[in-house]
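To start, the structure under review is shown below, and the notes come after it.
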Amino acid sequence: MRYIQKASEPASFTEWKRQENKDWQPNWDNFGNPQKTNLKDALLKEQGHICCYCESRISPKISHIEHFKPRSKYSKLSLEYANLITSCQGEAEDPPPKPSHCGQIKGAWYDSHLLVSPLEPTCTDFFRFTEAGEILPTHDLSKVTAVSTTIENLGLNIDKLKRLRKSAIEGVLDDEFDE
């Protein structure tokens with residue numbers, strides 16, 4: 001997980017919300033293009049095209065707009081830019097593709113005490129990685145429960161992600177030894 005520093009929301013999103021009147025209320029269900037595409041592009045750029053949870057590379061086609069605090073429980077935050085991030089599709093490797101990690105498996109789960117937020121500046125300090133690509137809590141005892149729960153509920157230690165991390169770690173180590 002990498003810290004996401006929020007920027008200003010896209011002007012098209014702001015303008016769309018400003019169209020509210022007595023006959024029309026903006027909400028997620030009536031939010032469409034081109035504003036939705038502009039919003040997703042801005043979120044992807046803000047995150048460096050990296051998934052907010054597993055840090056995999058993402059693009060508009062292999063990502064979705066994630067409500068950090070879920071719409072089903074926090075409907076008033078559904079159009080708050082500060083609550084919006086992008087997540088990978090989190091699909092399993094075996095057909096048929098099904099959600100197995102990140103925002104797709106998180107769904108409506110949210111617990112402010114047990115979910116590490118990528119919007120928290122120190123979030124990267126709570127995780128460590130093994131050479132085998134496993135993600136673990138750091139040794140900070142005050143964070144172990146929250147980090148372990150986050151890893152479990154986001155599926156961050158599925159084989160697919162461990163394999164990708166292991167490959168990335170090996171690539172970095174190979175580059176260091178080549179120099």
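The values are calculated or read from the model by the stated rules, or taken from the named source; none is laboratory data. This structure is a prediction, so every number in the text was calculated from the model and none was measured. So basically every Cβ, Gly included, is an ideal-geometry build from the backbone, and we count neighbours across all protein chains shown. Remember, those area values only see protein heavy atoms, side chains included, never the ligands or the DNA or RNA. Shrake-Rupley method; radii C 1.70, N 1.55, O 1.52, S 1.80 Å.
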*Short version: ³J(HN,Hα) in whole Hz for each residue of the stretch 107-117, in order, from phi by Karplus 6.51 cos²θ - 1.76 cosθ + 1.60 (θ = phi - 60°), x for Gly and Pro, what are they?*
x, 8, 6, 7, 9, 4, 8, 10, 10, 6, 9
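Kirkwood hydrodynamic radius for the stretch 20-93: how many Å is it when counted over pairs of different Cα atoms?
Working: mean 1/r = 0.0760 Å⁻¹.
For the stretch 20-93, the Kirkwood estimate is 13.2 Å.
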_Within 11 Å, Cβ to Cβ, of T149, how many net charges do the neighbouring residues add up to if Lys/Arg are +1 and Asp/Glu are -1?_
-1
*Within the accessible area of the stretch 1-75 (1.4 Å probe), percent carbon and sulfur*: 46
_Using each residue's phi in the stretch 130-138, evaluate 6.51 cos²θ - 1.76 cosθ + 1.60 at θ = phi - 60° and report the 3J(HN,Hα) Karplus result to the nearest Hz, with x for Gly and Pro._
9, 5, 7, x, 6, 9, 9, x, 5
*Taking the structure as given and computing semi-axes √(5λ) of the Cα gyration tensor in Å, which label from (1) 27, 20, 14; (2) 31, 18, 16; (3) 25, 21, 20 fits?*
(2)
*What residues have an amide H closer than 5 Å to that of F127, excluding those fewer than 5 places away on the same chain, when H is modeled at 1.01 Å from N in the peptide plane?*
T138
*Local electrostatic count at H139 - Lys and Arg +1, Asp and Glu -1, tallied over other residues with Cβ under 12 Å*: 0
*Could you give the angle, 0 to 90 degrees to the nearest 10, between helix 144-154's Cα long axis and the longest principal axis of the Cα atoms of the chain?*
70
_31 Å Cα-Cα threshold exceeded, pairs from K17/K162; K61/K143; K76/K160; K36/K106; K76/K166_ = K17/K162; K61/K143; K76/K160; K76/K166
*Got a sec? Which residues in the stretch 65-92 would a label at L114 touch, if it sits 7 Å along Cα→Cβ and we count backbone N under 19 Å?*
68-74
_For the stretch 1-151: accessible area per residue (Å², 1.4 Å)_ = 55
_In Hz, Karplus ³J(HN,Hα) per residue of the stretch 3-8 (6.51, -1.76, 1.60; θ = phi - 60°; x = Gly, Pro)_ = 5, 10, 8, 6, 9, 6
*Which residues' amide hydrogens lie under 5 Å from the amide hydrogen of E66, considering only partners 5 or more residues apart or on another chain, with H built in the peptide plane?*
I85, T86, S87
*Can you list the residues, at least 5 places off or on another chain, whose amide H is less than 5 Å from the amide H of G90, using H built in the peptide plane?*
none
*Accessible-area value, K6, 1.4 Å probe, nucleic acids and ligands omitted, Å²*: 60
